[in-house]
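The values are calculated or read from the model by the stated rules, or taken from the named source; none is laboratory data. Note that the coordinates shown come from a computational prediction; the quantities given were computed from them, not determined experimentally. All Cβ positions, even for glycine, are placed from backbone atoms using ideal geometry, and neighbour counts span all protein chains on display. For accessibility, only protein heavy atoms count, side chains too; no ligands or nucleic acids. Shrake-Rupley method; radii C 1.70, N 1.55, O 1.52, S 1.80 Å.
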Amino acid sequence: MPNFKLRSQYANKYRTTPLVDTQKYDQQFHGFEYRPDILAQAYNCWESLFYWREQCRRNEMFVYGNQWGDYTHVFNDELGRWINMREDKLLLQQGGIPLTNNVLLSIIRTVTGLFIGNQTEPIVIARARDKQEAGEVASATIQMLYSKNKLWDLDRDKLVQYIIYGFVGGQAKYGFKDGRKDVLFDDIRYDRFFYDNTMEDPRGTDCKIMGTIPDLSLEDIVKLFSKGDPKRADSIRQIYGNIQNQDRNILYDNSTRQNSDSDLKDFYTPTGAFQNMHRVICVWRKECKERIFVHDYRSADAYKTELTAIPRIESENQRRKTEIAQSVNEELSRSNITPDAPEYQEQFNSLTAEYEKLDLITYDRFFDDFWAYYFLAPSGAVIDSGETPYIENTCPIVFKLDLGADMKIQPYVSGFIDQQKIINRNLSIQDYVNRVSIKGAVFYDEDALGEDVTIADIEKKIARPGAVIPYKSKKGAAPKQVTNNNSNTGAYEMVNMELQLLEKISGASNAIQGQNPSRQTTASQYAQQSQNSIGLLSVILDTYRDYRESRDRILYKFMNQFYIDGMWVNVHSSKEVKLFDPKELQGIDTEVSIIESQSTPSFRAIANDNLMQFMEAGAITPKIAMQVGDFPFTDKAIQLMEEEEKKQQEAAAQQVPPNGGIPPQQQ
C-alpha cells in the first residue's frame, strides 16, 4: 500500500529534507564519519587499473631496465612440466648472451627534444577589447607561476612519463612553500592514481570519481588533518594504531630507491620503500544534493543554498509583504482612495502583486552536482571531508590519458616493444653464431711434423707475424687455416628492417633526429621527410598540449580566487611591473591557451629586425624602438637618449633671440 504520508511530506512546498543527498552518511568511527562505501568504490577503481599498471611497469623496464625481463613458457625436462622462465635466463641457459640495443630511449629523447625545441608559454585571452591589457597582466602572472613551480622542467619530465605510461596528471593547491603561501602544483605518479572505471568520454567530462593514495608520516597526517585540535589529533593516532614516529627510519636497499621495491602493490598498505609510512586515500567524488537557487530582487543577489534556508526566506518574504502592504495603503491614502471605495481592493491587489514581483525573494529547487573531497584512512574513517572550496566547482586534480578507440589506455611506447625485442634477439643470435663459428683454425697433419717439433711449438709460432713453420710435405698434407663465413645469417638484414619499421611507426626518422642523409636524398626530400615525421608526432604532442592547457585553466582559477589582494608581476611586453587584480577580469569571458614562446632568441631577433625596419622608414623614433624591442643594451641606450634630449632642451632655453628678445614690431 502506498505511503501517502511520506508522499505528502515530500510534496510539501516548505520541505527542508533533501530528496537526494549522496554526501550524507550516519556511521561513525572513533568520532569520525565512517564511509566504507567510498573506500570500496575507490578500491574498485584502483583495482580495475591493475593490468594497465603492469603494462606501465613493463614499458618502464624496457625503456630503462632489463629488455629481456619478459617471461616465456618452456618445458623443463627435469621437472617434466611447463614452467615460466625469464627470457634472459633462458638465453643464458642455452649458451647465449642477452645483448641490448636500446632504440626506445632514442625515440623518447627525439620526441622530448622536439618538445623542448618548440618553446611555448601560457597566455590569457580576454574576449573584451578594452580588457586586453588586463589579459596581458594575467598572462604574466600565470607565467610567474610557471617559474615558481618550475613547470617548464616538470612538463619536460612529464612528457617522458606520458610516452611511457600513457598518463600524465597533477594537483593544484594553495599552501605553504618556502615560508609563504602561494598557488602550488604537485605531480601525481601513475601508480598512485585512480579514476572512474565507467568513464566513456575521452575528454573526461563524465568522470565522477578520481583520487590518489599518498603515503605520509604520522606526524604529517596529524599536522594536516588535526586542524589544531588535540582531541582530533589523538583520534587520528588511534585510527592509525597509535604508532609513534617510526617513519624517519625508512628502509632503503643499499641506501638508494633504485634498488628498492617502490612499486605500489597494495591499495591499503604501503609497501617497499614506503612500508613504514601510512596510507591516506584521497578521493574526489561528484555528489548530488537537492538545493535551492535563490534570487533576491531587492539586493540583486543570486546564489544557491541549502533547503534549510527556506524557513528563513519565507519569514523574510512575510516581513516584506507586510511592508509592501503598508506602503500600498499609504500610497492609496495619498490618492484619496479609502478602504470603503469600490476600486480600493482591486488597486490594492494590483499594486501589491506588482511590488512583490520586484521585492520578494524567489527560489527554485534543483539537484546540484558538485565535487566533494574525502580523506580516508585504510579503515574507512573520514579524517577530513567537505565540498570543494574552489571557485566554479573546480576539482584540483587534472589528468590526461592516451586512450585508444576502445577507451583503454594505450601508451605510446607499447607499440614498439615487439620491434625492440626482435632487434635484441637478432643481435644475440648473431653474437652467438660469431662466438661458436670457426675463426682462424689451423689444420695440421701430424705426419707432417718434423723431428723435435710438437703441436705446442706450432701453436706458439702460428700467431707470430712472419713466423716460419716447418713441415714434411712428403709424409703429410700442408697446414691449412680455416675461417668460416658467418655473415649470411640474415640477422643484420632483419635488424635494419625492424629499425626502418620503428622509424615509420614512431615518426622518429633520421631526418627529425638531424642525422646526415644519404647521397641519393635531395634537400626537398629531406625536408619532406622531416615534415612527415613531425606530422606523426604531432598527435602525442597535441594531446599533451591539451593537458597543459587544462592545468593552466585551473591555475588561472586559483589565481583569481587566492590573489584577492593583487600580485605585482613583470609584464614582458611593456617591461613594466604591473598589478594583477582579479576584479579587472571579473565577469569577462577569458580563455587560457598555449602559444609559441615570445622569449626565444629567434622570436626576439625577428621582432628586433622589424623594429629596425620601422625606424629606418621613419615610422617610429629610435627611443620607441629601444623601449618596445628586446636589446641587451636597452636600458643604457634609453638613459643616454634621455640625457641627450635634456642637454638639447637646456641649450635651446639658454639661447637668447636677437635685439635682446624684443620683437621687431615693438622696436
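Please go through region 553-570 and pick out each residue that is touching a strand residue (DSSP E or B) at 6+ places or on another chain (Cβ under 7 Å) and either closer than 23 Å to residue 173 by Cα or crowded, with 18+ Cβ neighbours inside 10 Å (or both). Result: 553, 554, 555, 556, 558, 559, 562, 563, 566, 567, 568, 569.
Looking for whichever is surrounded by fewer than 17 Cβ atoms within 10 Å (Cβ to Cβ), over 21 Å from residue 97 (Cβ atoms), among the acidic types (Asp, Glu) and touching a residue at least 60 places away in the same chain (Cβ under 8 Å) here; the options are 392, 459, 446. Which one fits?
Residue meeting the stated conditions: 392.
Does residue 581 satisfy being modelled with pLDDT of 85 or more and open to solvent by 50 Å² or more (accessible area, probe 1.4 Å)? So residue 581 does not fit the description; no. For region 46-56, a residue qualifies if it is surrounded by fewer than 17 Cβ atoms within 10 Å (Cβ to Cβ) and of a type outside the set (S, T, N, Q), and the qualifying residues are 47, 50, 51, 54.
Cβ separations smaller than 6 Å between residues 6+ apart or across chains give no pair from region 124-151 residues that are under 18 Å from residue 596 (Cα atoms) and of a type in the set (Lys, Arg) to residues that are open to solvent by 20 Å² or more (accessible area, probe 1.4 Å) and modelled with pLDDT of 85 or more. Quick one: would you say residue 374 is touching a Ser or Thr at 6+ places or on another chain (Cβ under 6 Å), buried (at least 18 other Cβ atoms within 10 Å of the Cβ) and aromatic (Phe, Trp, Tyr)? Criteria met by residue 374. Taken as a whole, region 366-379 holds at least one residue that is in a loop (DSSP other than H, G, I, E, B) and modelled with pLDDT of 90 or more. Only residues that are among the charged types (D, E, K, R) and within 29 Å of residue 391 (Cα to Cα) were counted in region 301-358, giving 6.
Condition (residue is within 30 Å of residue 278 (Cβ to Cβ), under 49 Å from the mean Cα position of the chain (by Cα) and open to solvent by 50 Å² or more (accessible area, probe 1.4 Å)) applied to region 297-309: is it met by at least one residue? Outline the logic, then answer.
Here is the first cut: in region 297-309, the residues within 30 Å of residue 278 (Cβ to Cβ) are none.
Scanning region 297-309 turns up no residue that is within 30 Å of residue 278 (Cβ to Cβ), under 49 Å from the mean Cα position of the chain (by Cα) and open to solvent by 50 Å² or more (accessible area, probe 1.4 Å).
Assess whether residue 220 counts as being more than 20 Å from residue 275 (Cα to Cα) and either in contact (Cβ under 8 Å) with a residue 60 or more places away in the chain or not basic (Lys, Arg) (or both).
Numbers: more than 20 Å from residue 275 (Cα to Cα): no; either in contact (Cβ under 8 Å) with a residue 60 or more places away in the chain or not basic (Lys, Arg) (or both): yes.
Spelling it out, it is not the case that residue 220 is more than 20 Å from residue 275 (Cα to Cα) and either in contact (Cβ under 8 Å) with a residue 60 or more places away in the chain or not basic (Lys, Arg) (or both).
Filtering 406, 418, 452 for residues that are part of a loop (DSSP other than H, G, I, E, B) and closer than 30 Å to residue 194 by Cβ leaves a single hit, 406. Might you check whether a residue that is free of Cβ contacts under 8 Å to residues at least 24 places away in the same chain, surrounded by fewer than 14 Cβ atoms within 10 Å (Cβ to Cβ) and part of a strand (DSSP E or B) occurs anywhere in region 318-325? No: region 318-325 contains no residue that is free of Cβ contacts under 8 Å to residues at least 24 places away in the same chain, surrounded by fewer than 14 Cβ atoms within 10 Å (Cβ to Cβ) and part of a strand (DSSP E or B). Filter region 327-371 for residues that are closer than 30 Å to residue 38 by Cα, of a type in the set (A, V, I, L, M, F, W, C) and out of contact with any Ser or Thr (no Cβ under 6 Å at 6 or more places or on another chain); which is most open to solvent (accessible area, probe 1.4 Å)? Once the filter is applied, the top-ranked residue is 367. One residue stands out among those in region 70-106 that are over 20 Å from residue 430 (Cα atoms) and in a loop (DSSP other than H, G, I, E, B): the one that is most open to solvent (accessible area, probe 1.4 Å), which is 78.
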